[in-house]
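None of the figures in this text is laboratory data; all of them are computed from the coordinates on show. These numbers were taken from a predicted model, which means no experiment stands behind them. As a convention, Cβ positions derive from the backbone with ideal geometry for all residues, glycine included, and neighbour counts pool all protein chains shown.
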Amino acid sequence: MRSAVRELERQGVIRVVRGRLGGLYGGGRPSAEATQKLVDHLTLAELPTLDVAKFAMALYRLSIREATRKISPEGRQRLAHDIQKMSAMDKGNWSLEAWQIFRTDLVSLAGGAALSFLHSAYHGAYHNAMMSELHLVDIRGNPISDRDEVMWELELCVAQAVLAGDVSSAGRAACDCTDQEAEYVKMTLADGMLSQTLRPHTLFRPSANAPASAMKLAHHVLRALHQRISEPDVYPGHYLGTIAALAASYGVSIDVMRDTVLLADQQKLIELRRGRHGGVYVSCTRQSEATMEVAQHLAALSADDELMALLTQLEEITPHETAGHIALDILRQAIAERSAQPNLYH
């Protein structure tokens, strides 16, 4: 039992508290950390923004269907309050940020921790791209005020159908909502206002100690470094060079390169070694360790039947794009992890 507790504590699933009020407490590490790991992985995989958005929308439609069937009395009461608050809100106060928060709350009503987690990560990656590059403006820089109003109204229709318990109406309303959202994304991509792929500078908030411009440059260099590591002649443990040599190679200052290496290290892309043979090396785990940590988080979050049911549902709706298959692979890893260590997760 001690070894199981130590392993769960290491993964951040539980927190061991000692003393008079000691014991095992859940949520040692916030779920947000595991969510950010998946957001980062999706972004560095250079996935097309539209593919990530489409898969996030597919997760949303599935969530609405499940939420309509499973909504609890407490959830119904909370949703009724949210609808009343939204309906009374002045349209001038509607925003992309508030709309996406409301959407996340709607998804949580489905009751599935694994489904909510995946939606949060995929929607987060797509949302980050929108917030950092789109800002809901047209080609001349004028705010697109009608878009957020349309999305709010469609989302309200979805919420009202969920509240009424009408699965068919909720499904149609969710499709109308995501169809309109996809149309806006395509228009924005065509106008050149949204990057065709997710970008590294959407991964992290700028450091309080570093100028925003320096951090933005570090994120651009991170993309170039990631491309270099992905080349076929680069292998785990490959020596990339010193920070100074890499800075000269990419034409940036040592400070910017140091920021880049820090970001790459957080992503398990590289290892920074010190001493006689020190320098920057390609990580022996590449990004597999990061995705495995996400799978372990899912394994601790959900029971076998929930993970298996979600895998089956996603296999039916997932298109051939890489964005969806990353989620399927992580779910399979989570199921395998629970099977390999039943004493740890059951």
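Less than 5 angstrom separates the built amide H of THR197 from those of THR49, all sequence-distant by 5 or more or on a different chain. Extension gain, GLU33 to HIS81, is 14.3 nm, computed as 0.36 nm per intervening residue step minus the present C-alpha separation. Sorted on the mean count of surrounding Cβ atoms within 10 Å across their residues, most packed first, peptides 191-197, 114-120, 167-173 read 114-120, 167-173, 191-197.
In this label model, GLU316 and GLN227 are separated by 4.1 nm, measuring between points 7 Å along each Cα→Cβ vector.
Please go through the stretch 244-346 and write out the chymotrypsin sites (Phe, Trp or Tyr not before Pro) that DSSP classes as loop and that have at most 12 other C-beta atoms within 10 Å. Here no loop site has a sparse enough neighbourhood.
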